[in-house]
Structures are given as C-alpha cells and as structure tokens.
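Notes for the one structure printed next.
The values are calculated or read from the model by the stated rules, or taken from the named source; none is laboratory data. For clarity, every value in this text was computed on a predicted model and none was experimentally measured. Counting neighbours? That spans all protein chains shown, and the Cβs are built from the backbone with ideal geometry, glycine included. Surface areas here come from the heavy atoms of the whole protein model, side chains and all, with no ligands, DNA or RNA. Shrake-Rupley method; radii C 1.70, N 1.55, O 1.52, S 1.80 Å.
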Protein chains: 2
Amino acid sequence: MTINDDMILLAHGSGGSMMRELIEELFYEAYGSDELLRGDDAAVLETPGSSGRLAFSTDTFVVTPYVFPGGDIGRLAVCGTVNDIATSGAIPLWLSAAFVLEEGLPLTDLRHICASMAEAAHEAGIRIVTGDTKVVARGQGDGIYINTSGVGVLPDDRSDGLTGANCQPGDHILLSGTLGDHGCAIVSCRENLHFSTTIESDAAPLNHLVAAVLTAAPATRCFRDPTRGGLASSLNELAAQSHTMMTIDEEAIPVHDQVRAICDLLGFDVFQVANEGKMVAIVPPAQADAALAAMRGSQYGSEAALIGEVFAMSGTDDGPLVSVRTSLGSERVLDMLTGEQLPRIC
Amino acid sequence: MTINDDMILLAHGSGGSMMRELIEELFYEAYGSDELLRGDDAAVLETPGSSGRLAFSTDTFVVTPYVFPGGDIGRLAVCGTVNDIATSGAIPLWLSAAFVLEEGLPLTDLRHICASMAEAAHEAGIRIVTGDTKVVARGQGDGIYINTSGVGVLPDDRSDGLTGANCQPGDHILLSGTLGDHGCAIVSCRENLHFSTTIESDAAPLNHLVAAVLTAAPATRCFRDPTRGGLASSLNELAAQSHTMMTIDEEAIPVHDQVRAICDLLGFDVFQVANEGKMVAIVPPAQADAALAAMRGSQYGSEAALIGEVFAMSGTDDGPLVSVRTSLGSERVLDMLTGEQLPRIC
C-alpha cells in the first residue's frame with residue numbers, strides 16, 4: 001500500500017491505483033461524505049428550501065507556512081470559502097476540495113491538514129462532496145495548494161442575495177472583532193522573522209455569526225470578510241460598489257497590542273493586514289444595536305464593535321472613498337493596498 | 001496601469017489595487033458575466049427547472065506545457081469540469097475560475113488562456129460567475145495552475161443523477177472517438193521529446209454530445225470521461241462501482257496511427273493514456289444503436305464506436321474486472337494504471 005510510504009509521490013496524481021489509494025485511505029478517511037464516497041465525477045446534491053437561488057464561490061489557498069499559529073492551510077481553506085458564501089446571506093452547504101501537492105510532501109502533514117478541514121467543515125455545518133488531486137514535481141509547487149469552492153442556498157426571504165451595492169448613506173459599519181491577527185501570525189512564523197509573540201491566526205467559520213446577525217437585523221445591507229488587502233480593501237470595494245463614502249474611527253477598532261507592535265515594527269498599516277475570521281457588516285442605524293448584540297453573542301464576535309458610518313458621495317466620485325478619523329482627531333485617507341504587503345498570506 | 005506591464009508581479013495577488021486592475025482589465029474583459037461583474041465574494045445564481053437537484057464538480061489543471069497542439073490549459077480547464085458535470089446527466093450552467101499564477105508569467109499568455117476559457121465556455125453554454133487570483137513567487141509554481149469548479153442542474157426526469165453504480169450485465173460500452181490523442185499531443189511537445197507529428201489534443205466540451213445521447217437513449221446507465229489513467233482506469237472504476245466485469249475489443253477501438261506509433265515507441269498502453277474530449281457511455285442493448293447514432297451525429301463523436309460489453313461478476317470479486325480481447329484473439333487483463341505514466345498531463 002503506497003499510502004504507507006511517508007511522502008507524496010508523482011504517482012499519487014496519476015489517475016491510477018495509487019491515486020485511488022490516496023483518495024480512499026486519506027481523503028475518505030478524513031471527510032468522506034455520502035456524495036464523495038459515491039465515487040462519481042460530480043456530486044449530486046438535493047437543494048432544501050424553495051427559493052431556487054444559490055450562492056457559489058471559489059478560493060485557492062497558497063499560504064506559507066502551511067501550518068501556523070492558530071491553524072493551517074486546511075482550516076483556512078474551509079473557513080475562507082464558507083465565509084465568502086456567508087457574505088451573500090446564503091447557508092453554505094457543500095464544498096469541493098482540490099489539491100495541488102508537491103512531490104515529497106510528508107503524508108503526515110497531509111493527514112493533519114485534512115483532519116483540520118474535516119473539523120472546520122463540521123463546525124461550519126458544510127459537507128465536502130467532491131474533490132481532485134494533482135501532484136507536481138519537486139520545485140513546481142510549494143508543499144500544498146488547496147482550492148475550495150462552495151455552494152450555498154439562499155433562503156426565500158433574501159433570495160436576491162446580499163451585495164455590496166446595497167450600502168446606503170447613514171448605515172453603520174460593524175466589525176466582528178480585532179484586526180490583523182491572521183497576517184501578524186503568519187509574519188511571526190515566517191522563517192526569516194523571529195518574534196516572540198502569542199498572536200494566533202483568527203481563521204474561523206463565520207456563517208453562524210452571519211446567520212445570527214441576519215436574524216437580529218434582517219435589514220442588514222451586506223457583509224464582507226476583510227481578508228487579503230484587509231479592512232481598507234474591503235471598505236473601498238463596498239464604497240465603490242454602492243457609490244458611497246465611508247468613515248471609520250481608529251479608536252473604535254479593536255487591535256491586539258502585539259499586532260499593533262508588529263505593524264509598527266514592520267511599517268504595516270493594520271487596516272491593510274489580512275484577517276481570516278472577521279466580518280464587516282453594513283447595517284441601517286435602526287438595527288445596528290441589534291446586529292452588534294448578535295455579533296457579540298456569537299462564538300467569534302465577542303469583541304465586535306461599531307467602527308464607522310456610510311456617507312453620501314460628495315460631488316465627483318474621483319476622490320478618496322474611505323477615510324479614518326485618527327485618535328489625534330485628524331482625518332486621513334484609507335486607500336486600498338497598493339503593491340504587495342505580504343505574499344502568500346492565504 | 002500595472003496591467004500594461006508585461007508580466008505577473010507578486011502584487012497582482014495582493015488583494016489590493018493591482019489585483020483589482022488585473023481582474024477588471026483582464027478577467028472581466030475575457031469572460032465577464034453579470035454575476036462576475038457584480039463584484040461580490042459569491043455569485044448568486046437562479047436555478048431553472050424544478051428538480052432541485054444539482055451536480056457539483058471540481059478539477060485543478062497543472063498541465064505542462066500550458067499551450068500545446070490543439071489547445072491550452074484554459075480550454076482544458078473549462079472542458080474538464082464541463083465534462084465531469086455532464087457525466088452526471090446534469091446541464092452544466094456555472095463555472096468558477098481560480099488561478100495560481102507564478103510571478104513572471106507573461107500577461108500575453110494569461111490573456112490568451114483567458115480567451116480560450118471564454119471560447120470554450122461559450123461553446124459549452126456555461127458562464128464563468130466567480131473567481132480567485134493568487135500569485136506565488138518564482139519557483140513556487142510553474143507558470144499557471146487553474147482550478148475550475150462547476151455547478152449544473154439535473155432535469156426532473158433524471159433527478160437522481162447518473163452514477164457508475166448503474167452498469168448492468170449485458171449493457172453495451174460505447175466510446176465517442178479515438179483514444180490517446182491528448183496524452184500523445186502533450187508528449188509530442190514536451191521539450192525533451194521531439195516528434196514530428198500532427199497529433200492534436202482532443203480537449204472539447206462534451207455536454208452537447210451527452211445531451212444528444214440521453215435524448216436518443218434515455219435509459220443510458222452512465223457516462224465517464226477517460227482522462228488521467230485513460231480508458232483502463234475509467235472502466236475499472238465503473239466495474240468496481242457497479243460490481244460487474246467488462247470486456248472490450250481491441251480491434252473495435254479507434255486509435256490514430258500516429259498515436260499508436262508514439263505509444264509503441266514509448267512503451268505506453270494506449271488504454272492508459274489520457275483523453276480530454278472523449279466519453280464512455282454504458283447503455284442497455286436495446287438503446288445502444290440509438291446512442292451510437294446520437295454520438296456519431298454530434299460534433300465530437302463522428303468516430304464513436306461500440307467497444308465492448310458488461311458482464312456479471314463471476315465468483316469472487318478479487319479477480320481482474322476488465323479485460324481486452326486482442327486482435328490476435330487472445331484475452332488480456334486491463335488493469336488500472338499503476339505508478340505514473342506522464343506527470344502533469346492535465
């Protein structure tokens with residue numbers, strides 16, 4: 001049994017018997033759903049509910065290192081796509097898992113990663129129903145890359161899906177917790193940077209938090225998870241989609257002291273650092289308190305805060321869309337990240 | 001505008017403004033659907049029909065070289081997932097496209113690949129509705145890897161989906177055309193092997209062919225596209241799923257002369273060579289002629305043939321599942337590919 005060998009070989013991607021063994025003894029073992037075990041080329045899924053509307057999202061994860069404080073690429077790969085589906089207001093139900101494995105990857109690492117995927121999927125209540133395995137030669141990858149794509153179902157009462165275009169002047173901007181934990185956890189363990197910190201990645205499935213907010217504040221306009229590019233990119237995207245402007249209060253935004261210290265040291269703007277377990281919600285003022293309470297009552301939202309407000313666009317739309325009121329009382333423009341801050345953060 | 005530079009930079013995967021430019025000026029330009037242009041994290045889709053059943057499949061493509069005779073990784077990435085969905089009997093409707101780009105990839109190549117994706121998607125009648133872009137540093141990838149995941153809708157009259165488990169003794173085995181073209185096209189252009197051949201990859205979307213067969217032969221048990229591992233792996237998988245045995249006739253199987261010559265030269269078994277535009281159909285005998293005629297009347301099925309038959313399993317199920325009657329009249333076992341024949345074929 002090749003699976004007893006200690007590392008991935010090119011033949012594990014052959015489409016032949018060794019790939020079959022890898023699938024049955026490792027992937028099925030970790031997260032074999034009924035659909036996956038059926039062994040067909042496509043999973044057949046029965047949609048509950050009657051809206052007939054789906055949400056569909058995809059993400060490939062290339063994070064390095066693939067195990068980091070607070071998680072690994074497997075947890076990230078499940079949470080990332082679950083959260084993207086949740087932003088639409090859909091209930092994430094089914095996930096695909098497609099691997100690009102580098103020849104020589106230790107099988108113990110792959111097992112560990114698949115166990116993380118299974119655990120995160122269980123927590124989110126999503127099933128891995130279809131998959132793919134490719135192997136590339138040494139030097140043509142970097143350990144493991146994982147694509148997850150996900151499908152969710154939209155309830156009847158929000159069958160159009162939530163979109164960033166929904167934001168309106170006067171809306172409040174909520175953030176579900178501290179900024180910068182994922183990015184700083186990754187930096188802290190990259191081999192050429194040694195920090196003695198206890199910062200852990202915040203990678204987490206937020207679909208239950210989103211559902212709680214939507215129950216408490218059904219008029220919520222939209223959600224966005226501030227991953228690559230951080231809060232700055234997310235707010236700029238939302239403002240551009242909805243032709244609005246946004247202002248946030250620096251003092252209102254929770255940031256761990258160690259994260260602040262790492263950002264100061266490296267010259268990072270914490271608003272541009274990646275998060276993997278945080279959600280921005282845009283909520284009309286009448287329901288903002290209810291939404292905030294729902295966030296704070298959720299597993300990953302205890303430090304949620306009201307961080308800013310949406311404004312009507314003034315004059316031309318060439319100006320900056322998002323600004324920060326600093327702790328000194330001044331106001332500065334919050335641009336999208338330009339260039340690259342930290343490659344392979346997710 | 002960074003997109004006017006001539007190659008992919010790490011910053012194109014940053015989540016910031018350069019990634020946004022790449023998305024808008026290259027991906028939107030090539031295949032911007034309404035859903036994609038909406039710019040949310042998940043696409044919202046409206047399912048036609050009422051069966052409420054979906055098919056969902058995923059594949060990552062790592063083929064090298066990424067442009068080859070008869071196609072490129074873009075065409076392959078669309079056709080591969082379209083065909084996997086089609087095997088279930090579903091109508092493929094929506095596709096995701098997620099890229100892992102190596103720093104330094106020429107943008108002209110990426111544009112060319114995206115144009116191929118758009119063309120193949122148009123031909124298949126599927127829309128690219130959501131996507132993702134990651135960039136890895138030089139030496140951590142190999143030009144471009146593409147994941148496509150797809151969702152299709154099952155018509156009411158085959159809402160359970162077709163599965164390999166459906167094959168029954170007496171069923172006929174049909175093949176939609178010549179074997180080995182894709183694998184041999186790739187071999188012929190790998191830099192260390194120089195052949196003067198005109199063999200081209202058969203990469204093609206086969207959903208229209210599958211639909212034609214199902215209209216002509218609605219009792220068709222299942223389909224399988226013999227990609228990695230070739231016909232040998234596909235038939236062994238189907239036999240194992242359905243607890244049957246299968247025998248095929250070597251003489252009945254169409255193979256181009258040049259493909260046969262390459263296989264002889266390199267010691268490949270043509271039954272184990274990858275195809276990317278061929279479909280196996282298992283059909284009850286009463287509808288086999290109709291199914292074959294439908295294949296032959298389809299764009300990619302003019303050389304379709306009846307190639308074998310399904311038998312009841314005899315005695316124990318430890319023996320070989322698939323055998324070939326050779327042109328000499330003898331019979332040999334057709335095993336799944338063991339080990340690796342040709343890495344990164346798709």
For this session: Give me the net charge of B:P254's neighbourhood, meaning all other residues with Cβ under 13 Å from the Cβ of B:P254; Lys, Arg count +1, Asp, Glu -1.
Result: -4
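Excluding ligands, DNA and RNA, what is the solvent-accessible area per residue of the protein assembly as shown at a probe of 1.4 Å, expressed in Å²?
Numbers: 24140 Å² over 692 residues.
Spelled out: the 1.4 Å probe surface of the protein assembly as shown, per residue, equals 35 Å².
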Seminar exercise, completed: With +1 at each Lys and Arg Cβ and -1 at each Asp and Glu Cβ, the charge dipole magnitude of the range A:164-333 around its Cα centre, to the nearest 20 debye, comes out at 260
Exercise. Nearest 10 degrees, 0 to 90: what angle lies between the long axis of helix B:207-216 and the longest principal axis of chain B (Cα atoms)?
Worked result: 30
Seminar exercise, completed: The relative contact order of the range A:83-169, taking Cα pairs under 8 Å that sit 6 or more residues apart, comes to a percentage of 50
Exercise. What are the distances, in nm and sorted shortest first, from the label point of A:G329 to the label points of the same position in each other copy, with each label point placed 7 Å from Cα along the Cα-to-Cβ direction?
Worked result: 10.4
Exercise. Peptides B:108-117, B:330-339, A:172-181: what's the order by average Cβ count within 10 Å, highest mean first?
Worked result: A:172-181, B:108-117, B:330-339
For this session: Find how many whole Å separate the alpha carbon centroid of the range B:80-98 from the alpha carbon centroid of the range A:15-65.
Result: 14
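Calculate what fraction, in whole %, of the accessible area of the range B:115-260 sits on carbon and sulfur atoms when a 1.4 Å probe is rolled over the protein chains.
On the way: 2190 of 4750 Å².
Looking at the range B:115-260 in its full context, I get 46 percent from C and S.
Which value in Å is the Kirkwood Rh of the range A:59-161 over different Cα pairs?
Numbers: mean 1/r = 0.0708 Å⁻¹.
Evaluated on the range A:59-161, it is 14.1 Å.
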For this session: Put a label point 7 Å from Cα along the Cβ direction on A:D157, then list its distances to the equivalent points in the other copies in nm, shortest first.
Result: 3.9
Problem set entry | Shortest-first distances to equivalent copies, position A:T108, nm, label 7 Å out along Cβ | 4.9
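Considering every residue in B:332-340, what mean count of other chain Cβ atoms within 10 Å of its Cβ is obtained?
Values: counts 0, 0, 0, 2, 7, 8, 6, 8, 12.
Mean partner-chain Cβ count within 10 Å for B:332-340: 5.
Given a 1.4 Å probe and no ligands, DNA or RNA in the count, how much accessible surface is buried by A and B, both sides, to the nearest 100 Å²?
On the way: alone 14990 and 15020 Å², together 24140 Å².
The summed interface area works out to 5900 Å².
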Exercise. Along the charge dipole of the range B:164-333, which of B:T247, B:L206, B:G267 sits closest to the positive end, that is, farthest toward it, with unit charges on the beta carbon of Lys, Arg, Asp and Glu (+1, +1, -1, -1)?
Worked result: B:L206
For this session: Count, for each residue of A:143-153, the Cβ atoms from other chains sitting within 10 Å of its Cβ, then give me the mean as a whole number.
Result: 6
Problem set entry | Cα lying deepest toward the dipole's positive end in the range A:164-333, options A:L231, A:G319, A:A294, charges on Cβ | A:A294
Seminar exercise, completed: Helix A:107-124: inclination vs chain A longest Cα principal axis, degrees, rounded to 10, gives 50
For this session: Provide the FRET efficiency to the nearest 0.05 for the A:R296-B:E21 pair, computing r from the beta carbons and using R0 = 35 Å.
Result: 0.40
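Could you work out the relative contact order of chain B, using alpha carbon pairs under 8 angstrom and six or more residues apart, expressed as a whole percent?
Details: 805 pairs, mean separation 75.3, N = 346.
After rounding, I find 22 percent.
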Seminar exercise, completed: With all protein chains in place and a 1.4 Å probe, B:V270 shows an accessible area in Å² (nearest 10) of 20
Problem set entry | Reach of A:K278 by Cα under 22 Å, taken over lysines that are not fewer than 8 positions away in the same chain | B:K134
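For the protein assembly as shown, with only Lys/Arg (+1) and Asp/Glu (-1) charged at the beta-carbon, what is the dipole magnitude about the Cα centre, in debye rounded to 20? List each step's numbers first, then the result.
Details: 38 positive and 92 negative charges, 85 e Å.
Value, rounded to 20: 400 debye.
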For this session: Could you please put A:S88, B:S159 in sequence from largest to smallest accessible area, using a 1.4 Å probe?
Result: B:S159, A:S88
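For the range B:164-333, what class follows from the C-alpha gyration tensor (a ≥ b ≥ c being the square roots of its eigenvalues): rounded when a/c is under 1.5, otherwise prolate if a/b is larger than b/c, else oblate?
Details: a/c = 2.03, a/b = 1.30, b/c = 1.56.
It comes out oblate by the Cα gyration axes.
Would you work out the charge dipole size for chain A about its Cα centre, treating the Cβ of every Lys and Arg as +1 and the Cβ of every Asp and Glu as -1, and quote it to the nearest 20 debye?
Dipole magnitude for chain A comes out near 320 debye.
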Exercise. Any idea what angle helix A:73-86 forms with the longest principal axis of chain A, computed on alpha-carbon atoms, 0 to 90 degrees, nearest 10?
Worked result: 50
Exercise. Hey, can you list the residues from the range B:47-93 whose accessible area shrinks by 50 Å² or more with all protein chains present, relative to the chain by itself (probe 1.4 Å, no ligands or nucleic acids)?
Worked result: B:R53, B:L54, B:F56, B:T58, B:T60
For this session: Summarise the partner chain shielding of A:15-26 as one whole number: the mean count of Cβ atoms from other chains within 10 Å of each residue's Cβ.
Result: 5
Problem set entry | Local electrostatic count, A:G16, Cβ distance below 14 Å [Lys/Arg +1, Asp/Glu -1] | -3
Problem set entry | Mean Cα-pair separation over length for the range B:264-346, i.e. relative contact order, pairs under 8 Å, 6 or more apart, % | 21
